[in-house]
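Some notes on the structure that comes next.
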Amino acid sequence: MKIFNTLTRIKEEFKPINKEIVNMYVCGPTVYDLFHLGNARTFIFFDCVRRYLEYNGYSVNYIQNFTDIDDKIINKSIKENRTICEISNKYIEEYYVDSDRLNIKRATQNPRATDCIEDMINLISKLMYSGFAYEIDGDVYFSVREFGSYGKLFGQDINTLKSGSRIKINKNKKDALDFILWKKNKENEPGYDSPWGIGRPGWHTECCSMIYKYFDGDTIDIHGGGIDLVFPHHENEIAQIEVLENKKLANYWMHCSFLNVGNEKMSKSLENFFTIREILNRYTGDVIRFFLLSVHYRNNISFDEEYMESANKSLSRIKKVYFNLINFKECDNVNKNECLDDIRKYHSTFIDKMNDDFNTADAISVIFEFVKYVNKYITNFNSLELSESIKIFDSFFDIFGLTYKEIEEFKEIENDVKEMVKKRMQFKQKKQFDQADIIRDELVKRGYILEDINDGTRIKDINNNLIYIVLV
Ligand code: AMP
Ligand code: ZN
C-alpha cells in the first residue's frame, strides 16, 4: 500500500511501526456550529482510510479531537448568552448525530481540548525550560528559529515564510514567525491557571500534546487533516514535539484537498457553506459519501447539485446490480467457471487502486466497469462466480462505508409477472408461438424485456434496471 506523504512529497510504501496496529490522529472540528460539507469531506475520507486499513487486517487506534475552547466558541457563547460548555456540549452531540448519519465510524477516542489543559501546560513548560519558548506579559510564544527544520512540512525555507504575508505582525513577538502557545485571557474570557497567569492554550499546542498523551509519547503512523492545516497548524505541531524529542511526531502526513463552491473553499467565514444536516435532508449519507469519494482526495472537488444527482443515480445503479446478484439463481453451467478469472481480476484491480494512495476515484471506475460486466454476463454465472461477484461489492461497500439500506427495498419480481413468464415458456414448449408472443408483448408494455436463455427466461425490468431469471 502506498501513501503520498506531504512531508516527503512522494508516494511511500506504508510500513506501520507495529505490524498489527495503526496509530492515526486526525484533526477534528471546532465545536461551535454544525459541520459543513467541506468538513465532511475530510472526515469521510479519513474514515475511508481507517476502513481500508481495517479491511487489510490492521486494528486502527484512531484519535480525533474536539476543539472546545476557541475564539469562535467564546463569541458564540457571548452572542447567545450561554456558557462555553453549553455551546461545545451541544455541538459535540450534534457532531455525533450527523457523523452517525454519514456512517462515519466513531473514533477510538475523541479527546476534548479542555480535558487536556494540564498536558498542554506541561508541554509548554518543557518548551520554556529548554529555551524554545518565551513569555511576554502573560503570553507564551514558540521561538521558531530555535527549530532548524521549521518549514519542512510546508516545503518552504524559513526566510521565505518570514517575508510571506500570511504571518500576522505582532509587536509583542521576538520574531514574526513565532507562534502563540499560551494566550493571556482578556476580561470576561474563560481562563485556566498556569505558571504564566490566567489564560488558555493556543490551538497548535492542542493536537500535538494530545498525540503525545494518547499515544504514550510514541511516533504515530498517520497524521491527517484538511490541506489548510499543513501550514501553520501541522508545521507548528512538528516544531513543538520534534524540538524536544529526537523522534518524529508522525511518519506519514496526509492532507485532504478542499471541497469548493465555485472556485472557493467551502468555509464558514466565506459564508458559502451548506451544513451537512441541510444536505442530509435531500440526500442519503451513502450518496454524500459516494459523491465525496468519487474524486481523489488530493484533488479539489466542486459542489454541484448536478453532481449530487448523478452520484445518486450511479449509486442506485450499483445497488441494483448487487440486488440482482443476490437474487440470482445460477443457470446450468455449474462447472464452467468461464467468468471467474475476469471477476477475480476486477477485484484485484479494485484493490490495486485503493493501494495506490487510496485512489477512490479509480476504484469507483473499476466498480462501474464491473457493473457493466455483470449486466452482460450475469446469466452465465455459476454459484462460485455469483459469490465472487458479491464479494467485490461487499469490499466496496465496506471500504467506502456504504450501507445496504435501499437494497432491502428493491422488491422481488411480482408474482403475476413470474406466472406470465412461466405460461409463455409452456406455450413455447407446446410450439404455440402466437400465444407466447401475446404474453411477451403484454410484458413489454409493462416494461419487461424477455430473453430466452438455456434453461429459462431472463427478464430485464426496464423501469427499475433490475434483472430476474425464471427457470423452466
Ligand atoms: P474546522 O472545524 O474548521 O477546524 O475543520 C475541521 C476539519 O475540516 C479540518 O481538518 C479542516 O482542514 C477540514 N476542512 C474545513 N473546510 C474544508 C473544505 N472546504 N474542504 C475540505 N476540508 C475542509
Ligand atoms: Zn490539529
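Every read-out reported here was derived from the displayed coordinates using simple, explicitly stated rules and does not represent laboratory data. Just so it is clear, the structure is predicted and the values come from calculations on it, not from any experiment. Every residue, glycine as well, gets a Cβ built from its backbone with ideal geometry; the counts of neighbours run over all protein chains shown.
Laid out as a table, the results:
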| read-out | value |
| --- | --- |
| Residue order, fewest to most beta carbons within 10 Å, for Met24, Met354, Met1, Met420 | Met1, Met420, Met354, Met24 |
| Farthest positive-ward along the chain dipole, Cα basis, beta-carbon charges - from Val144, Tyr377, Leu161 | Tyr377 |
| Those lysines that a straight Cα-Cα span of less than 20 Å connects to Lys313, excepting residues fewer than 8 apart in one chain | Lys372, Lys376, Lys405, Lys411, Lys460 |
| Average Cα contact separation per residue, the chain, under 8 Å, 6 or more apart, as relative contact order % | 16 percent |
| Distance between segment 106-143 and segment 404-466 - C-alpha centres, whole angstrom | 70 Å |
| Segment 13-85 and segment 175-215: distance between their alpha carbon centers, rounded to Å | 20 Å |
| Lysines whose Cα lies under 22 Å from that of Lys90, excluding same-chain neighbours fewer than 8 positions away | Lys72, Lys76, Lys79, Lys105, Lys268 |
| Within-13-Å neighbourhood charge of Phe274 [Cβ basis; K, R +1; D, E -1] | -2 |
| Highest average packing first - 301-307, 149-155, 131-137, Cβ atoms within 10 Å | 149-155, 131-137, 301-307 |
| Around Ile104: net Lys/Arg minus Asp/Glu count, Cβ-Cβ under 13 Å | +3 |
| Under-5 Å amide H pairs with Gly456, H placed in peptide plane, nonlocal only | Val472 |
| Summed side-chain charge close to Tyr58 - residues other than Tyr58 whose Cβ falls under 10 Å, Lys, Arg +1, Asp, Glu -1 | -1 |
| Whole-Hz couplings from phi, Karplus 6.51/-1.76/1.60, listed for segment 64-77; x for Gly and Pro | 9, 8, 10, 7, 10, 9, 5, 4, 5, 5, 4, 4, 5, 5 |
| The chain: angle of helix 433-445 to the longest principal axis, Cα-based, in degrees nearest 10 | 30 degrees |
| Percent RCO, i.e. relative contact order, over segment 2-256, from Cα pairs under 8 Å lying at least 6 residues apart | 24 percent |
| Burial ranking of peptide ranges 58-66, 105-113 (average Cβ count within 10 Å, highest at the top) | 58-66, 105-113 |
| Relative contact order for segment 317-408, counting Cα pairs under 8 Å that sit 6 or more residues apart, in percent | 46 percent |
| Residues of type lysines that Lys174 reaches as a straight line, Cα spacing below 21 Å, ignoring anything fewer than 8 places off in the same chain | Lys126, Lys162, Lys183, Lys184 |
| Fraction of beta bridges assigned by DSSP in the chain that are antiparallel (%, nearest 5) | 60 percent |
| Overall dimensions of the chain by Cα: Rg and Dmax, Å | 28.1, 100 |
